[in-house]
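The block underneath contains the structure these notes are about, expressed in structure tokens.
The values are calculated or read from the model by the stated rules, or taken from the named source; none is laboratory data. Because the structure is a prediction, the values reported are computed rather than measured. Because the Cβ atoms are built from the backbone with ideal geometry, glycine has one as well, and the counts that use them run over all protein chains shown.
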């Protein structure tokens, strides 16, 4: 008999009733050190007092009005995003998937308005994850996501991840856009090099193609920069943001230059809930905290400590781990065993992690994790690895 909640998730037999910073507390009282952060969502930890204050203050005013009217909280968050990024304009969504859908529409409308509607092919990359809508799975193209859901939206072509020669051969004057994650999250914490990102930007400039970056998982301070592409010194034309931007409240956004967004005029896109006062009040507070240079400097310092400790665990368990990869507090342990086994072993040691593709265990702790919690987290990972060796 089917469950009342559609059974599309392979859920662990754990339920959480509350959280405190880097800790999630289960209904039986067990405290788990959370290195998943809701898959990079709880960027400022569980029950962050600043976010609680922002949410409750706004909740006492007004929750929802729709985009028929002016929304001051939305304008405040848009101002912050424009101030701290390449963007000239922002559209708010409820999720990363919705952001991906708008990014695709924005690209297609851009070329249509330029009188070149046939310029519609978007180049994407194997191992990518841009969401689970029909457009987003067509963009990624992996069999796991598309099987049984055809016919797929046309206009996408997947290239090998990190293969710049394939991109040079594949991009041309008919390419509408290149869409890529600076660091693949679901794909196994696989970062592009700064040199590759600069080359992709140059190829887009040469051909006129738009560069679309998916920073849903790598953005909002996760890497030690506000957005991961900043390390390379380039800027995109369009960028998708979600997860950490709401600190746990559902929120996403598409950031764009005025040129890239030029086709998106009144009536071309909309969202009932997107950019509602509650979400934007929380998002603005998240931005105010994370965009501070001192906060990002702390993320980088703590990332160094975490990586150093993880290298020690890898060295101690060569039959379990191959190495550490990633940037900032977006790290992956490349495994010799199935990462799902490590996730389960972690439950026994009361530490939460997230499996990913390419045999990788994802570590995405709250950016507010303390030094002591990092030491404790790595100790618990060490114990989990020892369980599997035993």
Can you tell me which residue within the range 228-254, out of those that are closer than 14 Å to residue 182 by Cβ and outside any helix (DSSP H, G or I), is nearest to the chain's Cα centre (by Cα)? 241
Exclusive hit being touching a helix residue (DSSP H, G or I) at 6+ places or on another chain (Cβ under 7 Å), surrounded by fewer than 18 Cβ atoms within 10 Å (Cβ to Cβ), in contact (Cβ under 8 Å) with a residue 40 or more places away in the chain and not in a strand (DSSP E or B), set 105, 76: 76
How many residues, within the range 189-233, are surrounded by fewer than 22 Cβ atoms within 10 Å (Cβ to Cβ), in contact with a helix residue (DSSP H, G or I) (Cβ under 9 Å, 6 or more places away or on another chain) and on the phi > 0 side of the Ramachandran plot? 1
Within the range 112-161, work out how many residues are within 20 Å of residue 196 (Cα to Cα) and not in a loop (DSSP other than H, G, I, E, B). 8
Consider residue 379 against the criteria (1) without any contact (Cβ under 8 Å) to a residue 60 or more places away in the chain; (2) in a helix (DSSP H, G or I); (3) crowded, with 18+ Cβ neighbours inside 10 Å: it satisfies all of them except one. Which criterion is unmet? (3)
With (1) in the same structural domain as residue 92 (by TED's automatic domain parsing); (2) without any contact (Cβ under 8 Å) to a residue 12 or more places away in the chain; (3) within 25 Å of residue 366 (Cβ to Cβ) as the list, and residue 279 as the residue in question, which single condition is left unmet? (2)
Answer yes or no as to whether residue 29 is surrounded by fewer than 22 Cβ atoms within 10 Å (Cβ to Cβ), without any contact (Cβ under 8 Å) to a residue 60 or more places away in the chain and either farther than 23 Å from residue 278 by Cα or in contact with a helix residue (DSSP H, G or I) (Cβ under 7 Å, 6 or more places away or on another chain) (or both). yes
